[in-house]
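K.L.:
Have a look at this one.
The values are calculated or read from the model by the stated rules, or taken from the named source; none is laboratory data. This is a predicted model, so every value here is computed, not measured. With ideal geometry, Cβ positions are generated from the backbone for all residues, glycine too; neighbour counts draw on all protein chains shown.
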There are 2 protein chains.
Amino acid sequence: MKEIDKVFKALADPSRRELIDRLHAKNGQTLSELCAGLDMARQSVTQHLGLLEEANLISVQWQGRDKLHYFNPVPIHEIYERWIRKFERQRLDALHDFKTKLEGKLR
Amino acid sequence: MKEIDKVFKALADPSRRELIDRLHAKNGQTLSELCAGLDMARQSVTQHLGLLEEANLISVQWQGRDKLHYFNPVPIHEIYERWIRKFERQRLDALHDFKTKLEGKLR
DNA sequence: TTGACATGCAGGTTATTACCTGCCTATTCT
DNA sequence: AGAATAGGCAGGTAATAACCTGCATGTCAA
């Protein structure tokens, strides 16, 4: 499976995006910390975090019995650069055309 | 299911991203046109297109017996605005910090 | 009008996903 | 040392996803 596929797949699940959001708000959280309030068994969270790690969206670091999780924004940036940006450009072009046409009608 | 969830789910599959890419390259293609070269039964493609339509990533228009497909960049833009942009910002900040520290060391 | 073509609809299969529970290990704290 | 805490590992289940085939319908063109 290609890297970019893993990232898209990882982002497909709302719980995983929620986890990323939480790490973005506070980096370096432990598993238990991330579990708190997530209405889901610890094992499920572990699994989600595993997928995120597979996609290189987070990295982990052990500290005694604690497993610390860190968010890595690089894959998201790559998705943006390699896949999303071109559509943004098209969209802006469309807006530009629209505005131009509008100005034509108003003239 | 929330709108944004549908979009992320729709983008999770490589075949569906491929379809979007093709429509981006040439808008208004028929189903048969999109099937060509996709090593997949027509019905599967129909299903993928259905999901993309559900996510509002494409819209269709009938013309006689032909079903024309058009790409809509808006949902992708929304994903970018509401979800990706903040991570881009963090990333740029990180780069900036890095550069600043580096300059500190070089001084 | 008949044949060729574009697509829809129904249903079935297999793989994957998102969960769970139960039990085990390692670390910390008292 | 013993209890509490953080996490791993194995396995099981139910829902969903990604495919397929077969047949029906509607449209175009000779």
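K.L.:
May I ask you to verify whether B:R89 is of a type outside the set (A, V, I, L, M) and modelled with pLDDT under 95?
P.N.:
yes
Here's the yes/no breakdown for (1) within 9 Å of another protein chain (Cβ to nearest Cβ); (2) assigned to a helix (DSSP H, G or I):
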site	(1), (2)
B:K6	no, yes
B:R16	no, yes
B:I20	yes, yes
B:L23	no, yes
B:S32	no, yes
B:G37	no, no
B:M40	no, no
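K.L.:
For residues in the range A:54-64 being within 11 Å of DNA strand C (Cβ to nearest atom) and over 16 Å from the mean Cα position of the chain (by Cα), which is surrounded by the fewest Cβ atoms within 10 Å (Cβ to Cβ)?
P.N.:
Applying the filter and picking the extreme gives A:G64.
K.L.:
Could you say which residue among A:L11, A:L51, A:L31 is within 13 Å of DNA strand C (Cβ to nearest atom), touching a strand residue (DSSP E or B) at 6+ places or on another chain (Cβ under 6 Å) and of a type in the set (A, V, I, L, M)?
P.N.:
Numbers: A:L11 fails: touching a strand residue (DSSP E or B) at 6+ places or on another chain (Cβ under 6 Å); A:L51 fails: touching a strand residue (DSSP E or B) at 6+ places or on another chain (Cβ under 6 Å).
That would be A:L31, the only listed residue that is within 13 Å of DNA strand C (Cβ to nearest atom), touching a strand residue (DSSP E or B) at 6+ places or on another chain (Cβ under 6 Å) and of a type in the set (A, V, I, L, M).
K.L.:
Looking at the structure I just gave you, is B:E53 among the acidic types (D, E), over 30 Å from A:H24 (Cα atoms) and away from DNA strand D (no atom under 12 Å from the Cβ)?
P.N.:
So B:E53 passes the test.
K.L.:
Moving on. Give all pairs with beta carbons closer than 6 Å in which a residue from the range B:70-81 that is more than 8 Å from chain A (Cβ to nearest Cβ) meets a residue that is assigned to a loop (DSSP other than H, G, I, E, B) and modelled with pLDDT under 95; count only pairs at least 6 apart in sequence or on separate chains.
P.N.:
Going by the 6 Å Cβ cut-off, there are no qualifying pairs.
K.L.:
Shifting gears a bit: Could you tell me whether any residue of the range B:24-34 is of a type in the set (A, V, I, L, M, F, W, C) and either under 19 Å from A:A12 (Cβ atoms) or modelled with pLDDT under 95 (or both)?
P.N.:
No, because not a single residue in the range B:24-34 is of a type in the set (A, V, I, L, M, F, W, C) and either under 19 Å from A:A12 (Cβ atoms) or modelled with pLDDT under 95 (or both).
K.L.:
Regarding A:Y70, is this residue closer than 27 Å to B:I76 by Cα, outside any helix (DSSP H, G or I) and under 18 Å from the mean Cα position of the chain (by Cα)?
P.N.:
yes
K.L.:
Here is a follow-up. I need the full set of residues from the range B:16-45 which are near DNA strand D (Cβ under 10 Å from one of its atoms) and loosely packed, with under 14 Cβ neighbours inside 10 Å, in order please.
P.N.:
Here is the first cut: in the range B:16-45, the residues near DNA strand D (Cβ under 10 Å from one of its atoms) are B:16, B:35, B:38-45.
B:D39, B:M40, B:A41, B:R42, B:Q43, B:S44 - these are the residues of the range B:16-45 that are near DNA strand D (Cβ under 10 Å from one of its atoms) and loosely packed, with under 14 Cβ neighbours inside 10 Å.
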